[in-house]
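Engineer: Got a structure for you, questions after.
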Amino acid sequence: PRPIDDLLCAMADTTAARMKVTAGRAVVHWFKMDLRTQDNTALALAARMAAENGVPLIGLFVLSPQDYEAHLTSPVRVDFMLRSLRVLKNDLAKLDVPLWIETVDKRSEAPARIVELLQDWGASHLFANMEYEADELRREAKIVRLCAERGIAMEVVHDTCVVLPGRLKSGTGNQYAVYSPWRRAWVSHIHDNLELLELLPPPGQNPASTRLDFSRLFECAVPVAPASKRLDPEAAVRFEALWPAGEHEAMKRLEMFCEEKVGGYAKNRNIPSVTGTSSLSVHFASGTLSARTAVRYARDRNNTKRLDGGNEGIQTWISEIAWRDFYKHVLVNWPYVCMNKPFKPEYANIEWSYNRTHFEAWTQGRTGFPLVDAAMRQMQHTGYCHNRCRMVVASFLSKDLLVDWRMGERFFMEHLIDGDFASNNGGWGFAASVGVDPQPYFRIFNPLLQSEKFDPDGEYIRKWIPELKGVQGKAIHDPYGRGAGEQARKAGYSEPIVEHKGARDRALTAYKKGIASG
Ligand code: FAD
């Protein structure tokens, strides 16, 4: 069965047991990648149950260094989550809700440790939002069963998507594998389904536990990052300034974007030198902002108050958020994409290259293709990279260099601050043509044309490649091919590591051969 079915079965199997569970002495919400108090489905349910039964609500967060290794979580992402956790802890404290942070060495220890804590606290209800990666769904199924054995009810609910996975079916009754018809169904589904969730109880309404030293729970500190994921002090300061954490910052960014930028989004979103996109992906990835809130907020600023009319920028932006939902729906329905397999099985036989020199030149921004190099350096420096550039570098790695796209996918997860399995896997699948509803394999971006089209004055390139600062005019896109080679060489900028036309022919041959034998 799909991992989600296993979890749903676990919850169905334990329903009778859950119905018999009494209120207990506390209700617990387990925070994961939903580090916010507002518009948080499981947290709202937990708060309601606690209020109805007059027992305290306790927040729990489980930190497992091994999880970060297994999920390739980048140090910048860990840093952002821990900073967001500090904001969350303060916000919850203002509502008299303690947040307990538990560290477990091994991820396999988490289920038993969670149950132990619930028993210590006398809690008989645990709430959590669902995460759709296979490992997480399986872990949750295990905890649901373990809880039921101990007389504890666990409720795992949908929250992270605007429309819950499995809700939209194509004409044949199946999950859509093509984005456009799926998006139309998504838009019509959410017209009437975007209402606000209840807010948490106001301060002073969360009773202290009668049997616990409640103040001890409030004193629990947010730990520092595990050694393998720690930023050096200079980077920590830089990232904090670049990416302020927590849900208030997320709301500020959303409001600012909708005030100042969304109107020009349709026109500017492809120009990497312009700050024309929201940069909210980091907040969606850590759950410091709910995608529902974002869609609702943008929709309410549209003069039609609709999702499919009115302001073009707002409509386009909401369609981009839909991509995030789309890839999560795909992950739930076809969980094998979590297992290093291409979505399209016929693409499993392509003979990829594992040329380390090429791969390292790509990671370091030294391929000799300025737009590719600028993008990779932006990612190394900021933990973020513009969407157009993500597509260009992913296409370059998988097609021009014919390097296994999974190496790029992994590298992105290890470096992005917004690393999200479903979107990253979807983006790589799209660019390398092996994913769901991808770019056709014979559509191979010409990095020089992409550069001329989307960075016509070379502003973005000059920002990230200091060696090319002095290169004038169109030579910026291809210094060695357009007469600025001597200047580029003197400044230490690499020569192109491949020739695009030859690389393109090689990729076409490899793809055709792979598909034919697939
Ligand atoms: P905006 O343009 O403001 O868009 C708003 C939101 O819509 C984004 O924050 C994001 O949540 C969603 N969105 C936009 N485009 C996409 C898309 N193509 N796929 C899925 N969601 C989208 N996005 C991630 O959040 N995490 C990743 O790990 C990730 N890896 C990617 C890898 C590749 C190879 C590619 C091509 C794309 C990847 N994306 C990823 C999607 C996209 O590049 C980023 O979401 C976007 O650049 C974030 O910037 P923004 O918040 O300013 O986006």
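The values are calculated or read from the model by the stated rules, or taken from the named source; none is laboratory data. Here the structure is a predicted model, which is why all the values come from computation and not from measurement. Methodologically, a virtual Cβ is constructed for each residue, glycine included, from the backbone with ideal geometry; neighbour enumeration extends over all protein chains shown. Note: areas computed on protein heavy atoms with side chains; ligands, DNA, RNA excluded. Shrake-Rupley method; radii C 1.70, N 1.55, O 1.52, S 1.80 Å.
Engineer: Condition test on R462, is it at pLDDT 95 or above, open to solvent by 10 Å² or more (accessible area, probe 1.4 Å), assigned to a helix (DSSP H, G or I) and within 16 Å of the ligand (Cβ to nearest atom)? Explain how you work it out, then say what you get.
Structural biologist: Numbers: at pLDDT 95 or above: yes; open to solvent by 10 Å² or more (accessible area, probe 1.4 Å): yes; assigned to a helix (DSSP H, G or I): yes; within 16 Å of the ligand (Cβ to nearest atom): no.
The answer is no for R462.
Engineer: When the residues of the stretch 408-429 are narrowed to those that are open to solvent by 10 Å² or more (accessible area, probe 1.4 Å) and touching a Ser or Thr at 6+ places or on another chain (Cβ under 9 Å), which ends up nearest to I321 (Cα to Cα)? Let's see the steps before the verdict.
Structural biologist: To start, the set of residues in the stretch 408-429 that are open to solvent by 10 Å² or more (accessible area, probe 1.4 Å) comprises 409-411, 413-415, 418, 420-421, 423-425, 427.
So of that shortlist, the ones also touching a Ser or Thr at 6+ places or on another chain (Cβ under 9 Å) come out as 411, 413-415, 418, 420, 423.
Values: F411: 23, M413: 20, E414: 23, H415: 22, D418: 14, D420: 13, S423: 11 Å.
The residue in question is S423.
Engineer: Only one of these is closer than 11 Å to P370 by Cα, charged (D, E, K, R) and more than 9 Å from the ligand (Cβ to nearest atom): D455, D437. Name it. Can you show your working first?
Structural biologist: Values: D437 fails: closer than 11 Å to P370 by Cα.
Being closer than 11 Å to P370 by Cα, charged (D, E, K, R) and more than 9 Å from the ligand (Cβ to nearest atom) holds for just one of D455, D437, which is D455.
Engineer: Kindly list the number of the only condition in (1) farther than 30 Å from L331 by Cβ; (2) crowded, with 23+ Cβ neighbours inside 10 Å that fails for S395.
Structural biologist: Result: S395 fails condition (1) only.
Engineer: Test V178 against the criterion of being modelled with pLDDT of 95 or more and either open to solvent by less than 40 Å² (accessible area, probe 1.4 Å) or among the aliphatic types (A, V, I, L, M) (or both), and give yes or no. Reasoning before the result, please.
Structural biologist: Numbers: modelled with pLDDT of 95 or more: yes; either open to solvent by less than 40 Å² (accessible area, probe 1.4 Å) or among the aliphatic types (A, V, I, L, M) (or both): yes.
So V178 passes the test.
Engineer: Further question: When both residues are 6+ apart or on different chains and their Cβ atoms are under 6 Å apart, which pairs have a first residue that lies in the stretch 204-222 and is within 19 Å of A46 (Cα to Cα) and in contact (Cβ under 8 Å) with a residue 40 or more places away in the chain, and a second that is in a loop (DSSP other than H, G, I, E, B) and open to solvent by less than 40 Å² (accessible area, probe 1.4 Å)?
Structural biologist: N206/P56; N206/V97; P207/P56; S209/P56; L217/P98; F218/P98
Engineer: Kindly provide the set of residues from the stretch 359-378 that are part of a helix (DSSP H, G or I) and surrounded by fewer than 24 Cβ atoms within 10 Å (Cβ to Cβ), ordered by number.
Structural biologist: F359, E360, A361, T363, Q364, R377, Q378
Okay, residues lined up against (1) of a type in the set (F, W, Y); (2) modelled with pLDDT under 95:
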position	(1), (2)
A484	no, no
E499	no, no
R504	no, no
L508	no, no
Y511	yes, no
G518	no, yes
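Engineer: Quick one: is K328 buried (at least 21 other Cβ atoms within 10 Å of the Cβ), within 14 Å of the ligand (Cβ to nearest atom) and assigned to a helix (DSSP H, G or I)?
Structural biologist: Values: buried (at least 21 other Cβ atoms within 10 Å of the Cβ): yes; within 14 Å of the ligand (Cβ to nearest atom): yes; assigned to a helix (DSSP H, G or I): yes.
Yes, satisfied.
Engineer: In the stretch 86-116, what count of residues is obtained for those that are assigned to a helix (DSSP H, G or I), open to solvent by 10 Å² or more (accessible area, probe 1.4 Å) and in contact (Cβ under 8 Å) with a residue 60 or more places away in the chain?
Structural biologist: Residues flagged as assigned to a helix (DSSP H, G or I), open to solvent by 10 Å² or more (accessible area, probe 1.4 Å) and in contact (Cβ under 8 Å) with a residue 60 or more places away in the chain within the stretch 86-116 amount to 6.
Engineer: Take Y297 and decide whether it is within 13 Å of the ligand (Cβ to nearest atom), farther than 22 Å from V262 by Cα, open to solvent by 10 Å² or more (accessible area, probe 1.4 Å) and touching a helix residue (DSSP H, G or I) at 6+ places or on another chain (Cβ under 7 Å).
Structural biologist: Numbers: within 13 Å of the ligand (Cβ to nearest atom): yes; farther than 22 Å from V262 by Cα: no; open to solvent by 10 Å² or more (accessible area, probe 1.4 Å): yes; touching a helix residue (DSSP H, G or I) at 6+ places or on another chain (Cβ under 7 Å): yes.
The answer is no for Y297.
Engineer: Those residues that are open to solvent by 40 Å² or more (accessible area, probe 1.4 Å) and near the ligand (Cβ under 10 Å from one of its atoms), I need them from the stretch 256-267; list them, please. First the steps, then the outcome.
Structural biologist: Here is the first cut: in the stretch 256-267, the ones open to solvent by 40 Å² or more (accessible area, probe 1.4 Å) are 256, 259-261, 263, 267.
Listed by number, the list holds a single entry, K261.
Engineer: Looking only at the stretch 395-410, count every residue that is charged (D, E, K, R) and within 9 Å of the ligand (Cβ to nearest atom) and tell me the total.
Structural biologist: Going residue by residue through the stretch 395-410, those that are charged (D, E, K, R) are 399-400, 404, 406, 409-410.
So of that shortlist, the ones also within 9 Å of the ligand (Cβ to nearest atom) come out as 409.
Residues in the stretch 395-410 being charged (D, E, K, R) and within 9 Å of the ligand (Cβ to nearest atom): 1 in total.
Engineer: Would you check which residues across the stretch 226-255 are assigned to a helix (DSSP H, G or I), open to solvent by 20 Å² or more (accessible area, probe 1.4 Å) and among the aliphatic types (A, V, I, L, M) and list them?
Structural biologist: A227, A236, V237, A241, L242, M251
Engineer: Here's something else I'd like to know. Is it fair to say V78 is closer than 22 Å to L416 by Cα, β-branched (V, I, T) and out of contact with any Gly (no Cβ under 8 Å at 6 or more places or on another chain)?
Structural biologist: Numbers: closer than 22 Å to L416 by Cα: yes; β-branched (V, I, T): yes; out of contact with any Gly (no Cβ under 8 Å at 6 or more places or on another chain): yes.
So V78 passes the test.
Engineer: Give T316, T288 a once-over and let me know the one that is closer than 28 Å to Y132 by Cα, open to solvent by less than 20 Å² (accessible area, probe 1.4 Å) and of a type in the set (V, I, T).
Structural biologist: Details: T316 fails: open to solvent by less than 20 Å² (accessible area, probe 1.4 Å).
That would be T288, the only listed residue that is closer than 28 Å to Y132 by Cα, open to solvent by less than 20 Å² (accessible area, probe 1.4 Å) and of a type in the set (V, I, T).
Engineer: What do you reckon, is R211 more than 18 Å from L194 (Cβ to Cβ) and open to solvent by 10 Å² or more (accessible area, probe 1.4 Å)?
Structural biologist: Details: more than 18 Å from L194 (Cβ to Cβ): yes; open to solvent by 10 Å² or more (accessible area, probe 1.4 Å): yes.
Yes: the conditions hold for R211.
Residues are listed down the side, and each one gets a yes or a no for (1) basic (K, R); (2) open to solvent by less than 10 Å² (accessible area, probe 1.4 Å):
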residue: D34; (1), (2): no, yes
residue: R48; (1), (2): yes, no
residue: E52; (1), (2): no, no
residue: E69; (1), (2): no, no
residue: H125; (1), (2): no, no
residue: A134; (1), (2): no, yes
residue: E140; (1), (2): no, yes
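Engineer: Which one is nearest to the ligand (Cβ to nearest atom) among residues in the stretch 411-434 that are in a loop (DSSP other than H, G, I, E, B) and closer than 30 Å to K501 by Cα?
Structural biologist: We begin by selecting, within the stretch 411-434, every residue in a loop (DSSP other than H, G, I, E, B); these are 416-420, 432-434.
Subsequent filtering for residues that are closer than 30 Å to K501 by Cα retains 432-434.
Values: A432: 8, S433: 12, V434: 12 Å.
Step by step, filter the stretch 411-434, then rank; the result is A432.
Engineer: Determine if the stretch 477-484 includes at least one residue that is basic (K, R) and exposed (fewer than 14 other Cβ atoms within 10 Å of the Cβ). Can you show your working first?
Structural biologist: Going residue by residue through the stretch 477-484, those that are basic (K, R) are 482.
Now drop any that are not exposed (fewer than 14 other Cβ atoms within 10 Å of the Cβ), which leaves none.
Scanning the stretch 477-484 turns up no residue that is basic (K, R) and exposed (fewer than 14 other Cβ atoms within 10 Å of the Cβ).
Engineer: On to the next question. Mind telling me which of the residues V372, V274, V337 ends up being touching a Phe, Trp or Tyr at 6+ places or on another chain (Cβ under 6 Å), within 14 Å of the ligand (Cβ to nearest atom), among the β-branched types (V, I, T) and under 30 Å from A235 (Cα atoms)? Full working, then the answer.
Structural biologist: On the way: V274 fails: touching a Phe, Trp or Tyr at 6+ places or on another chain (Cβ under 6 Å); V337 fails: under 30 Å from A235 (Cα atoms).
Every option except V372 fails the conditions.
Engineer: If you don't mind, another one. Before we move on, is G246 out of contact with any Phe, Trp or Tyr (no Cβ under 8 Å at 6 or more places or on another chain), in contact (Cβ under 8 Å) with a residue 40 or more places away in the chain and closer than 20 Å to S290 by Cα? Steps first, answer last, please.
Structural biologist: Working: out of contact with any Phe, Trp or Tyr (no Cβ under 8 Å at 6 or more places or on another chain): yes; in contact (Cβ under 8 Å) with a residue 40 or more places away in the chain: yes; closer than 20 Å to S290 by Cα: yes.
Criteria met by G246.
Engineer: Scan the stretch 130-153 and tell me whether some residue there is in contact (Cβ under 8 Å) with a residue 40 or more places away in the chain, assigned to a helix (DSSP H, G or I), of a type in the set (D, E) and touching a strand residue (DSSP E or B) at 6+ places or on another chain (Cβ under 6 Å).
Structural biologist: yes
Engineer: Here's another thing I want to ask about it. Pairs only if they're at least six apart or on different chains, beta carbon under 7 angstrom, first in the stretch 417-429 and under 12 Å from R390 (Cβ atoms), second more than 6 Å from the ligand (Cβ to nearest atom) and among the β-branched types (V, I, T); list them, first residue then second.
Structural biologist: D418/V282; G419/T73; G426/V330; G426/V436
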